[in-house]
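Down below is the structure, laid out as structure tokens.
Each reported figure results from applying straightforward, stated rules to the coordinates on display, with no laboratory input. Predicted, not measured: the structure shown is a model, and the values here were computed from it. Here the Cβ positions follow ideal geometry from the backbone for every residue, glycine too, while neighbour counts run over all protein chains shown.
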Amino acid sequence: MIVTGSDKKSVDKIQKEDVHVIEDEVEQAVVSVERDERPMDCVLAIDSSGSLRSMFAAVLESARVIVINRRPEDEILIERFISSDRIEKVQGFTRDGNLLTTAISGFYIEGGQSAIIDALYVAASSFAEFKKTSRDRRRVVVIITDGEDRNSYYSQEKLLNMLHETDVQVFALGFVIELDKEASGRRPGARDRAEKLLTTITSETGGRVFFPKNKTELIDSLQQLITDLRGQFRITYQSSNEKKGSRKVEVKLVSPNGEKRTAIVPRGYESKL
């Protein structure tokens with residue numbers, strides 16, 4: 001769970017009394033709320049399609065910043081993608097920063113029909129092949145893209161089902177500003193569709209999306225993203241529900257001092273107990 005304040009920046013401290021868990025519309029007893037210090041297995045998926053040509057230097061620098069700010073126990077896989085038939089793992093899961101930054105330095109732009117959904121599907125599938133992935137480690141995908149999906153094989157619904165089943169959290173850095181310039185009658189509404197896609201996928205999985213418009217906003221977005229990757233919370237609660245099977249779980253946050261705070265958790269989460 002990520003908690004943000006009225007300024008939409010992450011909050012690093014909350015009280016157990018502020019957290020309310022509702023399971024199948026019945027409030028449950030919260031046992032503990034603790035910082036989630038688990039190490040992270042992360043797929044860094046980088047869009048290398050032609051629509052990002054003018055912003056590609058910023059895309060690659062953003063990827064390097066994320067790698068540099070990883071924690072010692074974090075493992076990162078680097079994925080490069082363009083179209084459905086050009087999604088490649090250029091560096092497998094590793095803690096070695098030199099290998100990761102070298103992989104990013106070899107990126108280049110290619111023409112093709114962007115496949116955002118397929119890239120995320122392949123990224124999330126990578127965790128099944130990684131033996132170190134366990135409940136003691138968080139599964140995260142960070143995608144850097146303009147968000148314009150033109151030709152994916154998988155549907156958005158199938159992707160979301162897969163992300164929920166595998167407990168993968170998605171964050172996105174959306175370089176969508178150039179889509180307005182590119183539309184010019186050929187792809188009207190491209191930016192709105194891109195923002196909607198990235199917002200839906202990240203919010204459904206309990207992650208966040210950032211849409212920087214300039215260098216200052218990009219720096220702030222990266223700071224927030226890195227903070228979010230590190231500064232999350234784990235909730236333990238005692239269920240009074242005796243039924244077997246899936247249960248719909250909601251998390252609500254109440255601040256006693258009146259400060260507006262928002263709990264970001266996977267939407268429609270079903271706890272299979």
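A few comments on the model shown:
- Cα→Cβ-extended label distance, 7 Å offset, between ASP167 and ASP24, nm: 2.1 nm
- Residue with peak Gaussian network fluctuation, the chain [Cα springs, cutoff 10 Å], from ALA172, ALA29, ALA124: ALA29
- Taking the fewest neighbouring Cβ atoms within 10 Å as the starting point, the ordered list for SER203, SER6 is SER6, SER203.
- Here the translational diffusion coefficient of the chain follows from Stokes-Einstein with Rh set to the Kirkwood radius across Cα pairs; for 25 °C and 0.890 mPa s it amounts to 127 µm²/s.
- Candidate cross-link partners of LYS252 among the aspartates and glutamates, defined by an alpha-carbon separation under 13 Å and a same-chain spacing of 8 or more, comprise GLU17, ASP18, GLU23, GLU25, GLU27.
- Chain lengthening between SER255 and TYR154 when straightened (0.36 nm per residue, less Cα-Cα): 32.3 nm
- Exposure proxy order (Cβ contacts within 10 Å, fewest to most) of THR166, THR216: THR216, THR166
- Fraction of beta bridges assigned by DSSP in the chain that are antiparallel (%, nearest 5): 55 percent
- Extension gain, ASP220 to LYS13, is 72.5 nm, computed as 0.36 nm per intervening residue step minus the present C-alpha separation.
- If you run the Gaussian network model on the chain, springs between alpha carbon atoms under 10 Å, then out of ASP18, ASP149, ASP41 the most flexible one is ASP18.
- Taking the chain and dividing mean pair separation by its residue count, relative contact order in percent (alpha carbons under 8 Å, at least six apart): 28 percent
- Based on Cα contacts under 8 Å between residues 6+ apart, region 1-156 shows a relative contact order of 27 percent.
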